[in-house]
1. So, in the stretch 53-69, exactly how many residues are exposed (fewer than 14 other Cβ atoms within 10 Å of the Cβ) and touching a residue at least 12 places away in the same chain (Cβ under 8 Å)?
2. Sort through ARG94, ARG123 and tell me the only one that's under 16 Å from the mean Cα position of the chain (by Cα), at pLDDT 90 or above and in the same structural domain as VAL176 (by TED's automatic domain parsing).
3. Is it the case that the stretch 34-51 has a residue that's hydrophobic (A, V, I, L, M, F, W, C), more than 21 Å from the chain's Cα centre (by Cα), at pLDDT below 90 and not assigned by TED's automatic domain parsing to the domain that holds THR172?
4. Taking the stretch 67-89 as the region of interest, how many residues are of a type in the set (A, V, I, L, M, F, W, C) and farther than 14 Å from PRO46 by Cβ?
5. Which condition number does THR206 fail, the rest of (1) more than 24 Å from ARG94 (Cα to Cα); (2) at pLDDT below 85 being met?
6. Which ones in the stretch 134-168 are of a type in the set (Gly, Ala, Ser) and closer than 17 Å to HIS232 by Cβ?
7. Return the residues of the stretch 18-48 that are in a loop (DSSP other than H, G, I, E, B) and either surrounded by fewer than 14 Cβ atoms within 10 Å (Cβ to Cβ) or not aliphatic (A, V, I, L, M) (or both); say none if nothing qualifies.
8. Within the stretch 98-141, count every residue that is of a type in the set (D, E, K, R), touching a residue at least 12 places away in the same chain (Cβ under 8 Å) and within 21 Å of ARG175 (Cα to Cα).
Amino acid sequence: MADMSDRKSVFSTKLAAPARLADSVSDAIAAALLDGRISPGEPLPPEGEIAREFGVSKPIAREALRQLTSAGLISTQQGKVARAKAINGEPMERIYGYAVRSSLERLREANEMRRVIETGIARLAAERRNKAGIAVMECALDDMRRSLKEPSGFTEADILFHLGIALATGNTMIRVQMEGMRSVQREVSELFSRRSNRTDSDWNNTIDRHRRIYEAIAAGNPELAEQRVVVHFEAADIASLEVADKLAKSADSGR
């Protein structure tokens, strides 16, 4: 292993005085992770080295690493060095998942959040039309057609399609936010697919709404893309919440 004095620092070691030391250390390490100085999968320096570099105690360095682990920025295992993780929406997805499963009211709120956020994302996607996102949407549409009447596969294709919209913006933080909302999307999509009276026309109309969103984005029409996302939410998500209402009433009557 190279001598520590020869190792080039990847951190900004000037700690903000007003903050708790552990917060300042975690902020500096997070900055290195987020701006690419430390790549996903790359090991962080050992705890003792981090403590020496920042001029703090080992317990402070340990607390900083705990904070980063909780935030989903690094992975740690006892007896092994911490490693950087790819930035994703996993921490938010867990929080949203707990929320939407806790009550019908939280599910309604999450659905409202999606409507507000995804209309803006669709506009930006149509303005930028990142090729990777367009390709993901195309793939998701094919998956939807192959998964017709198969709720589990259809749900995953639905989630992939909305991720494609985010990817089409070329914005990393928007991609992370959309990943964070996967648990909301999954809950709503599964509720919608569980309708006992869902017809072939219902399934095909769902695909058609996604296709229309894709076409508006691919054509570079922000206004139309936003409008078609609104239409999609009105037709699909409201219907899903109606199913949730019925399920809630059924549960109440069974008590």
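The values are calculated or read from the model by the stated rules, or taken from the named source; none is laboratory data. Source: prediction; values computed, not measured. Heads up, the Cβs are rebuilt from the backbone with ideal geometry, glycines too, and the neighbour counts pull from every protein chain shown.
1. The total comes to 1.
2. Result of the check over ARG94, ARG123: ARG94.
3. no
4. Within the stretch 67-89, the first condition is being of a type in the set (A, V, I, L, M, F, W, C), and the residues that meet it are 68, 71, 73-74, 81-82, 84, 86-87.
Keeping just the survivors that are farther than 14 Å from PRO46 by Cβ gives 68, 71, 73, 84, 86-87.
Number of matching residues: 6.
5. The failed condition is (2).
6. Going residue by residue through the stretch 134-168, those that are of a type in the set (Gly, Ala, Ser) are 135, 140, 147, 152-153, 157, 164, 166, 168.
Of everything in the stretch 134-168, those that are of a type in the set (Gly, Ala, Ser) and closer than 17 Å to HIS232 by Cβ turn out to be ALA140, ALA157, GLY164, ALA166, ALA168.
7. The answer is PRO18, ALA19, ARG20, ASP35, GLY36, ARG37, SER39, PRO40, GLY41, GLU42, PRO45, PRO46.
8. Counting residues in the stretch 98-141 that are of a type in the set (D, E, K, R), touching a residue at least 12 places away in the same chain (Cβ under 8 Å) and within 21 Å of ARG175 (Cα to Cα) gives 8.
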